[in-house]
Amino acid sequence: MLAKVISGALIGIDAYPVEVEVDIAQGLPQFSTVGLPEGAVKESKDRVKSALKNSGYNFPARRITINLAPADIRKDGAAFDLPIAIGLLSATGVVDEVNLENFILLGELSLDGRIKPVRGVLPIAVAARKWGDRSLILPTENADEGAVVAGPPVYAVRDLGDVVALLNGEREFTPHRCDFDPSATPATTDGEDFSEVRGQEHVKRALEVAAAGAHNVLLSGPPGSGKTMLARRLPSILPELSFEEALETTKIHSVAGLLGHSHGLISQRPFRSPHHTISDAGLIGGGSYPRPGEVSLADNGILFLDEFPEFKKNVLEMLRQPLEDGRVCISRAALSLTYPANFMLVAAMNPCPCGFLGDPHQQNPCSCTPPMIQRYRSRLSGPLLDRIDLHIEVPRVPHKDLTGTTVTESSATIRERVNLARQIQVDRLKPFNLHTNAQMQTRHINKFCKLDNAGEQLLEQVTDRLGLSARSYTRILKLARTIADLAGVTRIERQHLAEAIQYRGVDRKLG
C-alpha cells in the first residue's frame, strides 16, 4: 500500500515542494524515515503514532517506510508530522487518495491529535503558487500567515479529525481569508515620541536626515545624554512598510520562528537591539543549518547596537558585507544561503572608557589616559566607521532644556517630511529598482548628485584637507542628496553639502 502527500520545506527564505511517500508492507513492525531527515523529523514517528491512536484511528503494525523526496536535501522541523499521518491514513484507506492530490499539508502533531503551528508557512504559501492548482491545509494559528498572499486557497484545521473530514468531503469548509494591508495600519510607536526629547535639536535633525535616506548613524556622547532614548524613537519617524517590504520581512521572521500569529504580515518596521555579548552567528546568522541572524531580522528596519565598542571586534567586522551589499551570504559544507539584510545601523558609544571625555559639566573629569582612549576606540576599525554615514556627537542636556516648557515637534510632524523625501527618492530611483539614497551606487551618484561650482569647490577643499576615502566622498554626496530632498529641491546646493560634511565627524577627526 503506497500513498503520496505533498508538503513543503525551506531553503533560506525560499521554499520547495516535498513529496512525502508512505509505503506499508508486510513484515515485522518497523517505522523508518529516509530522505535526509534531521532529529525533529526522525522523532515524528512517535508523535504520529500517538496522535493517530488518540484520535481514534488504527496505527498499522507493519513495516512502514517514509521517503521525503527530493532525498538529497536535508529536511528539518516538525511540519512533516501531518503529511506523514495523513499518508498513513491514505495508505490504509481511511482518507480518499484522489482528493489528497489537490492539497499541500503542513503541521506539527500533538499527542492527542491537535495540530500545532509551524514556522516558515509564508514562504511556502508564496512558492505554492508555482506548484500547481493545490490548496493549503494549515494549522489554525498559521492560517492568516498563509492566506495573506494572493496564493492558493487556505483551509484552517484544528486536529486530525478536521483534516480527514475535509479530505473525504464529510464537512463543508470555507477557505480562510486575511485581507491585511500593512500600509493601511496606523504606525504605532509604543508611546515613544520625539516630542518627549528635551533639547538635542541638532541630533533630532540628524536622525531626520538618516530616516529620510535610510543612512547609518553613530551616536557618541557621555552616559545619560539621551543616545538610547533618541535611537528608540527613530522608528516613530520612519515611513510605513510597503506590502513588498512587509512580505520580505515577514518571511524572514517566519523562517526564524519569531512570527506572532495575531496578524498575517508584520506591519511595523523591525527594531532589533541585541546585547553586546552576541556571537557572530547570532548577529550575522549561521549554525549547522543556517538560520537568520539579527542583521536579517532587522531587514527593512533598524539594528541598534548600544555600547558599540563593547561588541567583539570580529563580530563587528562581519557587519561590513551586509552594510555594503544589503544581504548576507552564509556558506556551509552542505549548502550556501543568502538572507536579505537591508537595515539601518544605529550605533551608540561613549567617547572614552569612563564616558566623560570632553564633558565640561562633569564634576569628576575624565581620568582616562591617551593609551586607554586609543585602545577603546581601536575596537572600531576604520573601514567599519567609514560605512556609517552620520557621526553625531550627543552632548549632555543642559538643565534649562530639561525643565523648559517649550513644545517640540512630534514624531508625526517629522514623519510627514520624511515621507515626502522618501517619495521623491522612490520616484527618482524606481527605474533602477532602488528605494532610498543610501542604496545608490556610483552610476546613480554621478547622475543624481551633481554639484554646482560652489559645491565642487567646497568638496574639493574638504577632500584635499581631510584626505577623504572614495567611500567617504560618495557618502557625503548621498547625504547631501537626502538633505536636498528634505528641502524639496532638485539640485544639491552649497548649504546642503556643508550640512552633509559636518555629519562626517570621523573624517574631521582623522584629518
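If the condition is being open to solvent by less than 30 Å² (accessible area, probe 1.4 Å) and part of a helix (DSSP H, G or I), then region 125-160 contributes ALA125, VAL126, ALA127, ALA128, ASN142, ALA143, GLU145, GLY146, ALA147, LEU160. Residue count for region 7-54 under the criterion of being touching a residue at least 60 places away in the same chain (Cβ under 8 Å), of a type in the set (Val, Ile, Thr) and either open to solvent by less than 30 Å² (accessible area, probe 1.4 Å) or assigned to a loop (DSSP other than H, G, I, E, B) (or both): the result is 6. For region 394-424, taking the residues that are in contact with a Leu (Cβ under 8 Å, 6 or more places away or on another chain) and not aliphatic (A, V, I, L, M), the one that is surrounded by the fewest Cβ atoms within 10 Å (Cβ to Cβ) is identified as ARG417. Among the residues of region 70-82, at least one is without any contact (Cβ under 8 Å) to a residue 60 or more places away in the chain, closer than 30 Å to GLY293 by Cα and either of a type in the set (Ser, Thr, Tyr) or open to solvent by 70 Å² or more (accessible area, probe 1.4 Å) (or both). Within region 438-459, the set of residues being within 15 Å of LEU497 (Cα to Cα) and within 30 Å of the chain's Cα centre (by Cα) comprises ILE445, PHE448, CYS449. Summed over region 327-336, residues that are assigned to a strand (DSSP E or B) and either of a type in the set (Ser, Thr, Tyr) or over 24 Å from HIS435 (Cα atoms) (or both) total 3. Given the condition β-branched (Val, Ile, Thr), surrounded by fewer than 20 Cβ atoms within 10 Å (Cβ to Cβ) and under 30 Å from TYR289 (Cβ atoms), answer yes or no: does some residue in region 327-335 qualify? Among the residues of region 327-335, not one is β-branched (Val, Ile, Thr), surrounded by fewer than 20 Cβ atoms within 10 Å (Cβ to Cβ) and under 30 Å from TYR289 (Cβ atoms), which makes the answer no. Filtered by the rule that a residue be touching a residue at least 40 places away in the same chain (Cβ under 8 Å) and either in a loop (DSSP other than H, G, I, E, B) or under 19 Å from ALA212 (Cα atoms) (or both), region 396-411 gives ARG396, VAL397, PRO398, GLY404, VAL407, THR408, GLU409, SER410, SER411.
Every listed requirement among (1) outside any helix (DSSP H, G or I); (2) within 27 Å of SER236 (Cβ to Cβ); (3) open to solvent by 20 Å² or more (accessible area, probe 1.4 Å) is met by LEU323 save one, (1).
Would you check if there is a residue in region 471-483 being farther than 28 Å from GLU416 by Cβ, open to solvent by 20 Å² or more (accessible area, probe 1.4 Å) and free of Cβ contacts under 8 Å to residues at least 60 places away in the same chain? Yes, because at least one residue in region 471-483 is farther than 28 Å from GLU416 by Cβ, open to solvent by 20 Å² or more (accessible area, probe 1.4 Å) and free of Cβ contacts under 8 Å to residues at least 60 places away in the same chain.
The values are calculated or read from the model by the stated rules, or taken from the named source; none is laboratory data. Worth saying up front: this structure is predicted, and the values here are computed from it rather than measured. Backbone-built Cβ (ideal geometry, glycine too); neighbour counts: all protein chains shown. Calculation scope for accessible area: heavy atoms of the full protein, side chains included, ligands and nucleic acids excluded. Shrake-Rupley method; radii C 1.70, N 1.55, O 1.52, S 1.80 Å.
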